[in-house]
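Q: One structure follows; several queries about it will come next.
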Amino acid sequence: MIPRQLMIGTAALLAIALGMGVYLWRMRGRVTVAEVPASTAPVAPPVSGPTEQVTLYVAYDDPGTLRAQGARIPLPAGRQERAEGLLRALVRLYLDKNSPHPLGAGAEVRSVYLVDPGLAVIDTNAAFADSHRSGVLVEELTVASLVETISANLPGINRVKILVDGKSRDTLAGHADLSGFFDVTQMNQMVAQLQQ
């Protein structure tokens with residue numbers, strides 16, 4: 001025979017378990033999951049340390065030229081990381097509200113790959129191209145600015161390829177051809193012509 005206190009205790013525990021089950025079942029329908037939009041932007045580690053003097057080739061839409069502009073920015077020691085830091089500093093300048101060559105919100109350089117001694121591959125995000133203003137001159141100025149900045153600060157770069165989200169694209173925003181490679185010597189000549 002089972003003692004009466006054990007039967008009462010077992011019944012009470014069973015009633016509590018059933019009550020909790022019903023309570024959880026009803027609460028399950030009330031819970032909403034807050035969706036947090038996932039950011040696709042890569043997070044670069046902060047660069048700290050001493051700053052270095054670099055030359056950024058800044059596009060100016062109004063006169064349609066590139067101008068060399070000195071800047072002091074912190075740069076890491078690695079060649080590839082330096083290239084990324086240079087171009088990210090240039091894009092930050094263009095994202096400023098008083099920029100002489102504004103880019104669309106969210107535009108950024110994702111990575112720079114130094115494939116062989118003379119080739120640099122610049123990978124931008126989709127917002128860089130999708131929100132870029134359309135027009136022959138503004139698109140060419142953007143391309144020339146990227147190519148000139150990286151080649152001026154990293155000796156030995158003689159060709160540059162620009163990707164969008166890791167893929168080749170026909171044009172930047174309908175005009176500037178991104179399907180091939182940019183020869184640094186030819187780009188220097190084009191920039192010299194723009195200065196005249």
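The values are calculated or read from the model by the stated rules, or taken from the named source; none is laboratory data. Note that the structure is a prediction, hence the values are computed from the model and not measured. Here the Cβ is made from the backbone with ideal geometry for all residues, glycine too, and neighbour counts use every protein chain on show. Remember, those area values only see protein heavy atoms, side chains included, never the ligands or the DNA or RNA. Shrake-Rupley method; radii C 1.70, N 1.55, O 1.52, S 1.80 Å.
Q: Please go through (1) within 22 Å of S168 (Cβ to Cβ); (2) surrounded by fewer than 18 Cβ atoms within 10 Å (Cβ to Cβ); (3) of a type outside the set (G, A, S) for L87 and return the number of the only condition it doesn't satisfy.
A: Of the numbered conditions (1) within 22 Å of S168 (Cβ to Cβ); (2) surrounded by fewer than 18 Cβ atoms within 10 Å (Cβ to Cβ); (3) of a type outside the set (G, A, S), the odd one out for L87 is (2).
Q: Residues R133, R92, R110: which one is modelled with pLDDT under 85 and among the basic types (K, R)?
A: From the options R133, R92, R110, the qualifying one is R133.
Q: What are the pairs, 6+ residues apart or on separate chains, where a residue within region 149-176 that is closer than 17 Å to N125 by Cβ has its Cβ under 7 Å from a residue that is open to solvent by 60 Å² or more (accessible area, probe 1.4 Å) and assigned to a strand (DSSP E or B)?
A: T171/D177
Q: Just to be sure before I move on: is A120 open to solvent by less than 60 Å² (accessible area, probe 1.4 Å) and on the phi < 0 side of the Ramachandran plot in the structure I sent?
A: yes
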